[in-house]
1. Dipole of the stretch 135-288 (Lys/Arg Cβ +1, Asp/Glu Cβ -1, origin at the Cα centre): which of 273, 179, 196 lies farthest to the positive side?
2. For every helix of n ≥ 4 consecutive DSSP H residues, a contribution of -39,500 (n - 2.57) applies; sum these over the chain, divide by its total residues, and give [θ] at 222 nm rounded to the nearest 500 deg cm²/dmol.
3. With +1 on the Cβ of every Lys and Arg and -1 on the Cβ of every Asp and Glu, and nothing else charged, how large is the dipole of the chain about its Cα centre, in debye rounded to the nearest 20?
4. In the stretch 150-206, what percent of the accessible surface is made up of carbon and sulfur (1.4 Å probe, ligands and nucleic acids excluded)?
5. Taking amide H positions as placed 1.01 Å from N in the peptide plane, with prolines and chain starts having none, which residues 5 or more places from residue 136, or on another chain, fall under 5 Å of its amide H?
6. Write down the percent of antiparallel bridges among all DSSP beta bridges whose residues are both part of the stretch 3-146, to the nearest 5.
7. Would you pull out the residues with amide H under 5 Å of residue 69's amide H, same chain only if 5 or more places away, H placed 1.01 Å from N?
8. In degrees between 0 and 90, to the nearest 10, how far off the longest principal axis of the chain does helix 250-261 point, with axes built from Cα atoms?
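The values are calculated or read from the model by the stated rules, or taken from the named source; none is laboratory data. Keep in mind that what you see is a predicted model, and the values were worked out from it rather than measured. As a convention, Cβ positions derive from the backbone with ideal geometry for all residues, glycine included, and neighbour counts pool all protein chains shown. Note: accessible area is taken over every heavy atom of the protein model, side chains too, but ligands, DNA and RNA are not part of it. Shrake-Rupley method; radii C 1.70, N 1.55, O 1.52, S 1.80 Å.
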Amino acid sequence: MGAPETEDEVLFERRGHLGIVTLNRPKAVNALNAGMVKAMLRQLAAWADDDAVATVLVRGAGDRGLCAGGDIVAIYKDMLHGGSETAEFWADEYRLNALISHYPKPYVAFMDGLVLGGGVGVSAHGSVRVVTERTRTGMPETTIGFVPDVGGTLLLSRSPGEAGTHAALTGAHLSGADALFLGLADHFVPSESLPALAEALESSTAEAAVEHFAQAAPDSALAAQRDWIDAAYAHHDAEEIVRSLRTLGDEAAAAADTIEAKSPTSVKVTLESLRRVRGLSLEESLDQEYRVGLRCLAGPDFREGIRAQVVDKDRNPQWKPPSLAEVRESDVEGYFAPLGERELGLSAAPVQSN
């Protein structure tokens, strides 16, 4: 179809009956910013009503991954000035997540390389989710004093047993096979076959094209750990989970060490988010995540986590409070309180679907 329509950081083009979205910030592993999200909302809405487009594909530029998440450096700078731009960015991003989940045409996501945080939001809500041997995915928010969002709490709450709880609290990077086990993906395709699959999508149905290239996935390491994961994470109290992990030893004890290095507030709010989100719709889940997110913007740990991991890179965050035992139940409850006029309100709006 000639040259792609260019919005520098996200590219749109049509080839045959395929609409292609290419996240185009390869040096930042295609981290999402406000302009990219707005552009995707506009283009996906247009393609939904375009009879010439039968299938949509989202992929990342460069060879490092689909998307490493939201642009947290931009979020950090905004927090220093009150956080209003971040709140607006999240509102648009969550609307995009909801649109993808109800998209009236096959929405194919190439979850190759890094697919973290917001990258999960633009892929795992799609109808045809493809992972590779290079996939490294997950929701690492507790590492930076935040909580899984973009519908991630709902996705992980639906994973087998307590595997999603383990993934959320530890912030672990997961393989493509683990993503399939967790329910974050549908098909395994070798990364070398992605260009041919993209070409096949131009003329074939998404189902036929993916079926031709899909292979059996390797075994999931996470699935093999299911017994101790389900036993330890069944508790509703984060401190009890850590104690249980320590009694189980080895891999479980290592998970306890990982959790105790995260923001204690984030760990407890994440656990409560996962428990509360069960049975909710995606829109209700996003509304809840928006409430939690705005409280994180106002609290100390999110800013401190980004500073320690990305800005100063000293990897030595000073969490407040510094231990799980010091995070009160009333503090956690406060993250879920209604926002009044600032509510996102996705669950009260008409669903944009086919």
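1. Sorting the options by dipole projection puts first 273.
2. -13000 deg cm²/dmol
3. 340 debye
4. On the way: 830 of 1680 Å².
In the stretch 150-206, the share of accessible area belonging to carbon and sulfur is 49 percent.
5. 113, 114, 115
6. 35 percent
7. The answer is 32, 116, 118, 119.
8. Helix 250-261 sits roughly 80 degrees off the main axis of the chain.
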